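First up is the structure itself, then whatever we jot down about it.
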């Protein structure tokens with residue numbers, strides 16, 4: 001069983017209705033059913049908080065709903081990995097590939113756990129596809 005690292009573009013689709021939300025939900029449901037390990041860097045909390053904040057600012061949701069998203073994320077079936085162990089390899093990956101250190105954190109985590117990053121970010125996949133890290137990133 002290959003562990004999965006879920007990036008913010010996928011997790012956001014679980015909490016906020018958008019294109020490919022069904023695919024994200026099916027991915028997680030299947031992984032949980034098959035007992036596939038699910039990981040994310042602790043960075044995910046602030047990334048999802050940022051999405052919720054933006055939706056509040058746009059009037060798409062209220063602050064209570066935004067707070068409930070973060071609360072739900074805390075009980076989500078993900079193992080969260082601290083950033084201190086991922087920051088140095090994330091920077092190396094970013095410098096080597098041209099992706100951001102934020103994206104590099106997910107790739108560093110996938111490398112560490114022998115998994116693959118599931119993303120909805122086609123731009124990230126395109127950047128990484130030309131590098132030695134291509135095996136660590138896959139579109140949902």
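Could you sort the peptides 57-65, 115-123, 129-137 by per-residue average Cβ neighbour count (10 Å cutoff), highest mean leading?
On the way: 57-65: 11.0, 115-123: 19.4, 129-137: 15.2.
For the peptides 57-65, 115-123, 129-137, the packing ranking is 115-123, 129-137, 57-65.
Gyration tensor over the Cα atoms of the chain: the corresponding equivalent ellipsoid has semi-axes (square roots of 5 times the eigenvalues, largest first) of 24, 17, 15 Å.
So how do 98-107, 28-37 stack up, highest first, on mean other-Cβ count within 10 Å? All intermediate terms of the calculation are to be shown ahead of the outcome.
Working: 98-107: 21.7, 28-37: 12.9.
Packing proxy ranking, top to bottom: 98-107, 28-37.
Among 72, 110, 49, which one moves the most in a GNM of the chain with springs linking Cα atoms closer than 10 Å? In the Gaussian network model the winner is 72.
Pulled fully out, how much extra length does the chain show between residue 58 and residue 126, if you take 0.36 nm times their separation in residues and subtract their Cα-Cα distance?
Numbers: separation 68, 0.36 × 68 = 24.48 nm, distance 2.98 nm.
The span from residue 58 to residue 126 would gain 21.5 nm if fully extended.
Using a 7 Å offset from Cα along Cα-Cβ at residue 49, what residues in region 63-95 end up with backbone N under 11 Å from the label point? Within reach of a label on residue 49, which here means backbone N under 11 Å from a point 7 Å along Cα→Cβ, region 63-95 contributes 70-71.
Potential lengthening of the chain between residue 33 and residue 134 amounts to 33.7 nm, from the contour at 0.36 nm per residue minus the alpha-carbon distance.
When the chain is treated as a GNM with alpha-carbon contacts under 10 Å, the residue of 18, 92, 26 showing the greatest mean-square fluctuation is 18. One Cα centroid belongs to region 27-61, the other to region 73-140; the line between them spans 15 Å.
How much length would be gained if the chain were fully extended between residue 88 and residue 23, taking 0.36 nm per residue of separation minus their Cα-Cα distance, in nm to one decimal? Write down the numbers at each step before the final one.
On the way: separation 65, 0.36 × 65 = 23.40 nm, distance 3.18 nm.
Separation in residues times 0.36 nm, less the Cα-Cα distance, equals 20.2 nm.
Structure remark: mean-square fluctuation, Gaussian network model of the chain, C-alpha springs under 10 Å; the largest value among 112, 24, 90 belongs to 112. To the nearest ten degrees, helix 21-33 and the longest principal axis of the Cα atoms of the chain are 70 degrees apart.
Just so you know, all these numbers are worked out from the coordinates, no wet-lab data involved. Note that the structure is a prediction, hence the values are computed from the model and not measured. FYI the Cβ positions are ideal-geometry reconstructions off the backbone, even for glycines, and counts take in every protein chain you see.
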